[in-house]
Amino acid sequence: MASSTEERELGFTPAYKLVDMIKSRKLSPVELMEVTLKRIKKLNPKLNAYLTVAEEEAMQAAREAEKSLGTGANLGALHGIPLPIKDLYLTKGIRTTFGSLVYKDLVPDADEPMVQRLKAAGAIVVGKTNTPEFGLAVLTENKLGDACRNPWNTEMNTGGSSGGAAASVAAGITSLAQSSDGGGSTRIPACLCGVFGLKGTYGRVPKQVEPWGVSQLACLDATARTVKDAALMLNAMAGPDGLDYTCIKTVPPDFLKALDSKPEKLKVAFSPDLGYDVKVDPEVKSAFEAAVRVFEELGHEVEEATPAIEAPFAIWDVVAGLWICVGHEDLLASHASEIMDYTRLALELGRNLSGVEVARTWIQVEKIRGIMLDFFQKYDILLTPTTAVPAPPVGKRGRGLGHHYMDWEFTPFTSVFNFSRNPVATIPCGFSSHGLPIGLQIVGRLEDEVTVLCVSAAFEEARPWADKRPSVS
């Protein structure tokens, strides 16, 4: 039986190493799952990272994964790896709440396409991670229980909406977690929890078409402790799909293999505030400036430059309000007392919009896309802070900068890239004086996740972070 120290070390072992250990018979999928479930039981009461733990289903799948090791079967790239799914996405036989009290008892009878792909690669769904209701907040707080708490300081929030995913990885419960990003929802929690988060180009990973249609903002993503693990997971999820009419139709590159190449000299732009009228915490600004200097040290051509875009907060609120109304407008009448305040505000906004207001909003979206396309004709990479502040306290709300249901004051630099559809990563680049992580955002050209990943890997090598572990781990 492994000691608590050995279990913790296993929890912090990268997925790519765990896969090699499993395939070489140095580690049993059953042993790994037992350790993962034990760590969930130990740490989740402090973090509330998981809304549902699929203990029985996960152990059965681990036993099957162990049996297949001796059959000569072609094993997947994630064979035997425990992997939580964000609780916005359908999982067959495992409760899916969408972070909402309204759906607290929903058990789907089918998996989403993304979940199917991860399972086909050998990953084992260990549970469902905490998220704000319908992913509509940048803080992971809902009516299903306590807020999701940051492993570096449990008085602080994880950010949202993939808060549980980031907390699981940061605390060494799992090496990987599925996340998603419609306005920063992968990047914000990854930043505030001190791990790596990758939002791919819009459409890189196909989404579920039903029951509410396909969000024009959200991307299905990987949260991981290492860049290599994120590339490994993206390989398993990415690729064309016959049902999602918005997905990229071309076959993606091998993201993992691409990491074997070092990025050539790049033209790198950096912007400390994207030209917005927002306050950036001095410690965030200092860490960002130090991170920019690393790119100079790596030999890239670096200059300050900002795309000529206006702050998109009100635009995002309109588009998200419209989408949430498509599937949930009836909740205002049927479940008003059960939904969160931010959900009610979003539904009311979406319901009351006129056709002219919607048309004006989409004109602004197209303008953003055009400006960003022009910007990346000149630059290979854009650097910004990921968030304006380190993790805020649980229960603290920021100043609404759009229609006042999103706390954009904390996180002003993420949502614009959901409109532009560019691939973006957040990587840890420092800590505040209170020991809270700070993140650097790396933005690439459309469909160029390879450069984003390779640049991230070079920064990871120059300024390692994976050895840093939070107190709750």
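Okay, here's what the table says:
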item	result
Environment charge of Leu440, counting only residues whose C-beta is closer than 13 Å and scoring Lys/Arg +1, Asp/Glu -1	+2
Antiparallel DSSP beta bridges within region 4-462, percent to nearest 5	75
Note, ³J(HN,Hα) from phi for region 338-343, Karplus 6.51, -1.76, 1.60, rounded to Hz, x at Gly and Pro	9, 9, 6, 4, 5, 5
Charge tally in the Cβ shell below 9 Å around Val268, where Lys, Arg are +1 and Asp, Glu are -1, Val268 excluded	-3
For region 1-157: rounded, prolate or oblate by the Cα gyration tensor [a/c cutoff 1.5]	oblate
Whole-Å semi-axes of the ellipsoid equivalent to region 197-237 (Cα gyration tensor, √5λ, descending)	22, 9, 8
Alpha carbon centroid spacing (whole Å) that separates region 361-432 from region 208-247	19
For Met156, Met33, order by how many other beta-carbon atoms lie within 10 Å, fewest first	Met156, Met33
Percent RCO, i.e. relative contact order, over region 4-462, from Cα pairs under 8 Å lying at least 6 residues apart	16
Cα gyration tensor shape for region 132-229, rounded if a/c is under 1.5, else prolate or oblate	oblate
Karplus 3J(HN,Hα) series, Hz, for region 433-447 with 6.51 cos²θ - 1.76 cosθ + 1.60 (x for Gly, Pro)	5, 9, x, 9, x, 10, x, 10, 9, 10, 10, x, 5, 3, 6
For region 93-161 versus region 438-457, the gap between their alpha-carbon centres in whole angstrom	26
Trypsin sites (Lys or Arg not before Pro) within region 16-98: DSSP coil, no more than 13 neighbouring Cβ in 10 Å	Arg25, Lys26
D (Stokes-Einstein, µm²/s), Kirkwood Cα radius, the chain, 1.567 mPa s at 4 °C	59
Long-range amide H partners of Ala77 with built H, under 5 Å	none
Relative exposure of His328, His335, His300, His434, judged by other C-beta atoms within 10 Å (fewest first)	His434, His335, His300, His328
Whole-Hz couplings from phi, Karplus 6.51/-1.76/1.60, listed for region 319-325; x for Gly and Pro	5, 5, x, 4, 5, 5, 5
Built amide H within the under 5 Å cut-off of Arg95, gap 5+	none
Cα gyration tensor shape of region 312-400, rounded if a/c is under 1.5, else prolate or oblate by comparing a/b with b/c	oblate
Distant-in-sequence amide H partners of Leu440 (H built 1.01 Å from N, under 5 Å)	Thr386, Ile427, Cys429
Rg and Dmax [Cα atoms of region 250-360; Å; Rg one decimal, Dmax integer]	21.4, 59
Extension gain, Asp467 back to Glu6 (0.36 nm per residue minus Cα-Cα distance, nm)	164.4 nm
Excluding exposed DSSP-loop GluC sites (Glu not before Pro) (at most 14 other C-beta within 10 Å), longest clean stretch of the chain	1-263
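Read-outs: derived from the displayed coordinates by stated rules, not from any lab. Bear in mind the structure is a predicted one, so any value in this text is a computation, not a measurement. When we count neighbours, we look across all protein chains shown, and the Cβ atoms used for this are built from the backbone with ideal geometry, even at glycine.
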